[in-house]
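Worksheet for the structure shown next.
The values are calculated or read from the model by the stated rules, or taken from the named source; none is laboratory data. Given the structure is predicted, the values throughout are model-derived calculations rather than measurements. All Cβ positions, glycine included, derive from the backbone under ideal geometry; neighbour counts span all protein chains shown.
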Amino acid sequence: MRVTFLGTSGAVPTTRRNTSGLLVNRDGDRLLFDCGEGTQRQMMRFETGFSVEHVFVTHLHGDHVLGIPGLVQTFDFNDREAPLAIHAPHGTRGQLEDLVSAVGTAPSFPVRITQNGPGDVVLDREEYEVRAVKVDHRTRALGYALVEAERKGRFDRETAEHELGIPPGPKYSKLHRGEPVEHDGRTVQPEEVVGPPRPGRDATFASDWVDRARETGHATAREAADVASRAGAKRLALVHVSTRYAGDPSPIEDEARDAFDGEAFVPEDGYELEVPFSDADDEE
(Lines give C-alpha, C1' and ligand atoms only; values in the text may rest on other atoms or scores of the structure.)
Protein backbone atom coordinates (compact mmCIF):
# COMPACT_ATOMS: atom_id res chain seq x y z
CA MET A 1 0.00 0.00 0.00
CA ARG A 2 1.48 3.31 -1.09
CA VAL A 3 0.18 6.72 -0.01
CA THR A 4 1.06 9.79 -2.10
CA PHE A 5 0.46 13.19 -0.54
CA LEU A 6 -0.78 15.32 -3.43
CA GLY A 7 -1.72 18.39 -1.42
CA THR A 8 -0.79 19.20 2.17
CA SER A 9 -1.67 22.89 2.49
CA GLY A 10 -4.57 24.35 4.44
CA ALA A 11 -7.41 26.30 2.86
CA VAL A 12 -5.02 28.34 0.68
CA PRO A 13 -2.37 26.86 -1.64
CA THR A 14 1.22 28.06 -1.44
CA THR A 15 4.14 27.85 -3.83
CA ARG A 16 5.23 24.66 -2.05
CA ARG A 17 1.94 23.05 -1.06
CA ASN A 18 -1.30 22.40 -2.93
CA THR A 19 -4.75 22.15 -1.36
CA SER A 20 -6.03 18.84 -0.01
CA GLY A 21 -5.54 15.65 -1.94
CA LEU A 22 -4.17 12.21 -1.11
CA LEU A 23 -3.93 9.14 -3.31
CA VAL A 24 -3.68 5.56 -2.10
CA ASN A 25 -2.42 2.86 -4.43
CA ARG A 26 -3.46 -0.45 -2.99
CA ASP A 27 -2.18 -3.18 -5.34
CA GLY A 28 -3.39 -1.27 -8.39
CA ASP A 29 -6.56 0.19 -6.90
CA ARG A 30 -6.16 3.98 -6.89
CA LEU A 31 -8.29 5.69 -4.27
CA LEU A 32 -8.38 9.50 -4.13
CA PHE A 33 -9.16 11.14 -0.80
CA ASP A 34 -10.29 14.74 -1.33
CA CYS A 35 -9.69 16.65 -4.54
CA GLY A 36 -8.73 20.26 -3.98
CA GLU A 37 -8.02 22.72 -6.77
CA GLY A 38 -5.04 21.56 -8.82
CA THR A 39 -5.18 17.93 -7.69
CA GLN A 40 -5.07 16.56 -11.23
CA ARG A 41 -1.92 18.55 -11.97
CA GLN A 42 -0.34 17.08 -8.84
CA MET A 43 -1.27 13.61 -10.11
CA MET A 44 0.53 14.38 -13.36
CA ARG A 45 3.48 15.97 -11.58
CA PHE A 46 4.02 13.01 -9.27
CA GLU A 47 3.11 10.37 -11.89
CA THR A 48 0.52 8.59 -9.78
CA GLY A 49 -1.58 7.50 -12.75
CA PHE A 50 -5.12 8.59 -13.57
CA SER A 51 -7.05 5.33 -13.31
CA VAL A 52 -9.03 6.51 -10.28
CA GLU A 53 -12.37 4.79 -9.74
CA HIS A 54 -13.27 6.16 -6.30
CA VAL A 55 -13.06 9.67 -4.83
CA PHE A 56 -13.70 10.00 -1.09
CA VAL A 57 -14.75 13.49 -0.02
CA THR A 58 -14.31 14.41 3.64
CA HIS A 59 -16.41 17.57 3.40
CA LEU A 60 -17.57 20.18 0.93
CA HIS A 61 -15.21 23.07 1.67
CA GLY A 62 -13.67 24.37 -1.54
CA ASP A 63 -10.11 23.39 -0.74
CA HIS A 64 -11.25 19.76 -0.62
CA VAL A 65 -13.50 19.59 -3.71
CA LEU A 66 -12.76 22.34 -6.26
CA GLY A 67 -10.54 19.97 -8.22
CA ILE A 68 -13.46 17.67 -9.03
CA PRO A 69 -14.80 19.60 -12.07
CA GLY A 70 -11.38 19.74 -13.71
CA LEU A 71 -10.69 16.07 -13.04
CA VAL A 72 -14.07 15.08 -14.49
CA GLN A 73 -13.45 17.22 -17.58
CA THR A 74 -10.02 15.66 -18.15
CA PHE A 75 -11.51 12.18 -17.84
CA ASP A 76 -14.15 13.25 -20.38
CA PHE A 77 -11.57 14.64 -22.83
CA ASN A 78 -9.71 11.33 -22.59
CA ASP A 79 -12.88 9.41 -23.56
CA ARG A 80 -13.16 7.65 -20.25
CA GLU A 81 -15.83 4.95 -20.14
CA ALA A 82 -15.35 3.45 -16.69
CA PRO A 83 -17.72 4.70 -13.97
CA LEU A 84 -16.48 7.13 -11.33
CA ALA A 85 -17.82 6.86 -7.79
CA ILE A 86 -17.75 9.90 -5.52
CA HIS A 87 -18.37 9.13 -1.85
CA ALA A 88 -19.31 11.92 0.53
CA PRO A 89 -21.23 12.71 3.74
CA HIS A 90 -25.02 12.70 3.90
CA GLY A 91 -26.69 15.83 2.62
CA THR A 92 -24.07 16.73 0.03
CA ARG A 93 -25.38 15.07 -3.15
CA GLY A 94 -26.83 18.26 -4.65
CA GLN A 95 -23.62 20.23 -4.23
CA LEU A 96 -21.56 17.43 -5.74
CA GLU A 97 -23.92 17.13 -8.69
CA ASP A 98 -23.45 20.86 -9.26
CA LEU A 99 -19.67 20.42 -9.18
CA VAL A 100 -19.75 17.55 -11.67
CA SER A 101 -21.99 19.52 -14.03
CA ALA A 102 -19.93 22.72 -13.68
CA VAL A 103 -17.93 21.80 -16.79
CA GLY A 104 -21.03 22.54 -18.87
CA THR A 105 -21.55 19.16 -20.52
CA ALA A 106 -22.54 15.76 -19.22
CA PRO A 107 -19.48 13.51 -18.88
CA SER A 108 -19.07 10.58 -21.25
CA PHE A 109 -18.95 8.14 -18.34
CA PRO A 110 -21.28 7.39 -15.43
CA VAL A 111 -20.69 9.36 -12.22
CA ARG A 112 -22.22 7.76 -9.15
CA ILE A 113 -22.53 9.76 -5.94
CA THR A 114 -23.02 7.93 -2.65
CA GLN A 115 -23.88 9.56 0.68
CA ASN A 116 -22.54 8.00 3.84
CA GLY A 117 -22.57 8.28 7.60
CA PRO A 118 -20.19 7.21 10.38
CA GLY A 119 -19.77 3.44 10.52
CA ASP A 120 -20.85 2.82 6.92
CA VAL A 121 -18.73 0.53 4.77
CA VAL A 122 -18.24 2.82 1.80
CA LEU A 123 -16.20 0.43 -0.33
CA ASP A 124 -16.15 -3.32 0.21
CA ARG A 125 -13.42 -5.38 -1.42
CA GLU A 126 -12.43 -8.98 -0.75
CA GLU A 127 -9.08 -7.96 0.73
CA TYR A 128 -9.95 -4.58 2.27
CA GLU A 129 -12.72 -2.12 2.97
CA VAL A 130 -13.06 1.63 3.39
CA ARG A 131 -15.23 2.71 6.32
CA ALA A 132 -16.65 6.13 7.12
CA VAL A 133 -15.45 7.53 10.44
CA LYS A 134 -17.04 10.22 12.59
CA VAL A 135 -15.09 13.48 12.88
CA ASP A 136 -15.82 16.80 14.55
CA HIS A 137 -16.16 19.66 12.11
CA ARG A 138 -18.35 22.71 11.59
CA THR A 139 -19.94 21.22 8.48
CA ARG A 140 -21.05 17.76 7.38
CA ALA A 141 -17.83 15.79 7.44
CA LEU A 142 -16.36 12.30 7.56
CA GLY A 143 -13.02 10.64 7.95
CA TYR A 144 -12.23 7.38 6.18
CA ALA A 145 -10.41 4.29 7.39
CA LEU A 146 -8.92 1.78 4.96
CA VAL A 147 -8.76 -1.55 6.77
CA GLU A 148 -7.37 -4.72 5.26
CA ALA A 149 -8.71 -8.18 5.98
CA GLU A 150 -6.65 -10.58 8.06
CA ARG A 151 -3.98 -12.45 6.14
CA LYS A 152 -3.25 -16.13 6.29
CA GLY A 153 -1.04 -17.30 9.10
CA ARG A 154 2.64 -17.92 8.45
CA PHE A 155 3.48 -21.35 7.02
CA ASP A 156 5.97 -23.24 9.20
CA ARG A 157 8.10 -24.99 6.60
CA GLU A 158 10.54 -26.27 9.23
CA THR A 159 7.80 -28.20 11.01
CA ALA A 160 6.22 -29.43 7.79
CA GLU A 161 9.43 -30.70 6.25
CA HIS A 162 11.55 -31.85 9.17
CA GLU A 163 9.08 -32.80 11.90
CA LEU A 164 6.22 -34.13 9.78
CA GLY A 165 8.31 -35.29 6.83
CA ILE A 166 6.23 -33.54 4.18
CA PRO A 167 8.44 -32.65 1.20
CA PRO A 168 7.99 -29.29 -0.54
CA GLY A 169 5.24 -29.47 -3.11
CA PRO A 170 1.48 -29.11 -3.67
CA LYS A 171 0.64 -30.24 -0.14
CA TYR A 172 2.22 -27.07 1.23
CA SER A 173 -0.16 -24.95 -0.82
CA LYS A 174 -3.18 -26.94 0.29
CA LEU A 175 -2.23 -26.67 3.94
CA HIS A 176 -1.65 -22.93 3.62
CA ARG A 177 -5.11 -22.60 2.04
CA GLY A 178 -6.59 -24.27 5.10
CA GLU A 179 -7.09 -27.73 3.64
CA PRO A 180 -5.98 -30.94 5.43
CA VAL A 181 -3.69 -33.36 3.58
CA GLU A 182 -2.90 -37.06 3.86
CA HIS A 183 0.72 -38.00 4.52
CA ASP A 184 2.26 -41.29 5.63
CA GLY A 185 -1.09 -42.73 6.60
CA ARG A 186 -2.28 -39.79 8.72
CA THR A 187 -4.23 -36.60 8.22
CA VAL A 188 -2.23 -33.43 8.75
CA GLN A 189 -4.40 -30.49 9.79
CA PRO A 190 -3.54 -26.96 8.61
CA GLU A 191 -3.20 -25.64 12.16
CA GLU A 192 -0.24 -28.00 12.70
CA VAL A 193 1.88 -26.00 10.26
CA VAL A 194 0.07 -22.69 9.81
CA GLY A 195 0.14 -19.98 12.46
CA PRO A 196 -2.77 -17.76 13.49
CA PRO A 197 -4.14 -15.15 11.06
CA ARG A 198 -2.02 -12.04 10.79
CA PRO A 199 -3.45 -8.52 10.84
CA GLY A 200 -3.71 -6.53 7.64
CA ARG A 201 -2.71 -2.89 7.32
CA ASP A 202 -4.93 0.04 8.14
CA ALA A 203 -4.79 3.77 7.54
CA THR A 204 -7.17 6.55 8.54
CA PHE A 205 -7.68 9.75 6.55
CA ALA A 206 -9.45 12.39 8.61
CA SER A 207 -10.81 15.81 7.87
CA ASP A 208 -9.14 18.88 9.32
CA TRP A 209 -10.15 20.64 12.52
CA VAL A 210 -10.60 24.09 10.97
CA ASP A 211 -12.54 25.73 13.81
CA ARG A 212 -10.01 24.86 16.48
CA ALA A 213 -7.10 25.81 14.22
CA ARG A 214 -8.53 29.28 13.68
CA GLU A 215 -9.02 29.74 17.41
CA THR A 216 -5.71 28.45 18.70
CA GLY A 217 -3.20 28.53 15.86
CA HIS A 218 -1.49 25.12 15.66
CA ALA A 219 -3.05 23.39 18.65
CA THR A 220 -4.65 20.78 16.40
CA ALA A 221 -1.31 18.98 16.05
CA ARG A 222 -1.70 17.84 19.65
CA GLU A 223 -5.32 16.84 18.99
CA ALA A 224 -4.23 14.75 16.05
CA ALA A 225 -1.50 13.17 18.16
CA ASP A 226 -4.01 12.32 20.89
CA VAL A 227 -6.32 10.66 18.35
CA ALA A 228 -3.42 8.72 16.83
CA SER A 229 -2.30 7.54 20.27
CA ARG A 230 -5.78 6.31 21.19
CA ALA A 231 -6.00 4.50 17.87
CA GLY A 232 -2.70 2.71 18.45
CA ALA A 233 -1.17 4.23 15.31
CA LYS A 234 2.55 3.88 14.65
CA ARG A 235 2.92 6.84 12.29
CA LEU A 236 1.12 10.17 12.08
CA ALA A 237 1.27 12.35 8.96
CA LEU A 238 0.12 15.90 9.67
CA VAL A 239 -1.44 17.67 6.69
CA HIS A 240 -3.66 20.70 6.02
CA VAL A 241 -0.74 22.88 7.03
CA SER A 242 -1.43 26.54 7.74
CA THR A 243 0.38 29.01 5.48
CA ARG A 244 2.22 30.38 8.51
CA TYR A 245 4.06 27.04 8.81
CA ALA A 246 4.43 26.30 5.09
CA GLY A 247 8.16 27.01 5.13
CA ASP A 248 8.96 25.56 8.53
CA PRO A 249 6.52 22.96 9.87
CA SER A 250 8.79 21.98 12.77
CA PRO A 251 6.57 23.64 15.44
CA ILE A 252 3.70 21.40 14.35
CA GLU A 253 5.89 18.31 14.39
CA ASP A 254 7.31 19.18 17.80
CA GLU A 255 3.88 19.63 19.34
CA ALA A 256 2.62 16.34 17.92
CA ARG A 257 5.71 14.47 19.11
CA ASP A 258 5.13 15.71 22.65
CA ALA A 259 1.84 13.78 22.70
CA PHE A 260 2.64 10.83 20.42
CA ASP A 261 5.18 8.05 20.94
CA GLY A 262 5.26 7.00 17.30
CA GLU A 263 6.63 8.79 14.27
CA ALA A 264 4.98 12.18 13.60
CA PHE A 265 5.91 14.25 10.57
CA VAL A 266 4.64 16.85 8.10
CA PRO A 267 5.04 15.46 4.57
CA GLU A 268 5.89 17.61 1.57
CA ASP A 269 3.69 17.44 -1.50
CA GLY A 270 4.70 14.41 -3.53
CA TYR A 271 5.98 12.44 -0.55
CA GLU A 272 5.27 8.73 -0.92
CA LEU A 273 4.70 6.59 2.14
CA GLU A 274 4.81 2.81 1.96
CA VAL A 275 2.56 1.31 4.63
CA PRO A 276 4.16 -1.95 5.81
CA PHE A 277 2.51 -4.88 7.51
CA SER A 278 2.88 -4.88 11.27
CA ASP A 279 5.09 -7.97 11.00
CA ALA A 280 7.01 -6.72 7.96
CA ASP A 281 10.38 -7.26 9.63
CA ASP A 282 9.99 -11.01 9.47
CA GLU A 283 8.18 -11.32 6.14
CA GLU A 284 9.34 -14.18 3.96
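Things to note:
- Among the candidates VAL65, VAL12, VAL57, VAL24, residue that is assigned by TED's automatic domain parsing to the domain that holds GLU97, modelled with pLDDT under 95 and closer than 26 Å to ARG140 by Cα: VAL12
- Taken over region 16-51, residues that are in a loop (DSSP other than H, G, I, E, B) and free of Cβ contacts under 8 Å to residues at least 12 places away in the same chain amount to 2.
- Every residue from region 138-157 that is closer than 26 Å to ARG30 by Cβ and surrounded by 15 or more Cβ atoms within 10 Å (Cβ to Cβ): ARG140, ALA141, LEU142, GLY143, TYR144, ALA145, LEU146, VAL147, GLU148
- Residue satisfying all of: in region 141-164; charged (D, E, K, R) and in a strand (DSSP E or B); nearest to ARG125 (Cα to Cα) among these: GLU148
- Test: residue in region 95-103 that is surrounded by 13 or more Cβ atoms within 10 Å (Cβ to Cβ), free of Cβ contacts under 8 Å to residues at least 12 places away in the same chain and farther than 25 Å from ARG26 by Cα: yes
- Whether a residue is modelled with pLDDT of 95 or more, over 21 Å from the mean Cα position of the chain (by Cα) and loosely packed, with under 14 Cβ neighbours inside 10 Å was assessed, and PRO83 does not pass this test.
- Members of region 225-243 found to be assigned to a helix (DSSP H, G or I) and free of Cβ contacts under 8 Å to residues at least 24 places away in the same chain, listed by number: VAL227, ARG230
- Verdict on PHE77 being buried (at least 23 other Cβ atoms within 10 Å of the Cβ) and aromatic (Phe, Trp, Tyr): no
- Of the residues making up region 67-123, just one is outside any strand (DSSP E or B), of a type in the set (A, V, I, L, M, F, W, C) and within 22 Å of LEU146 (Cα to Cα), namely ILE68.
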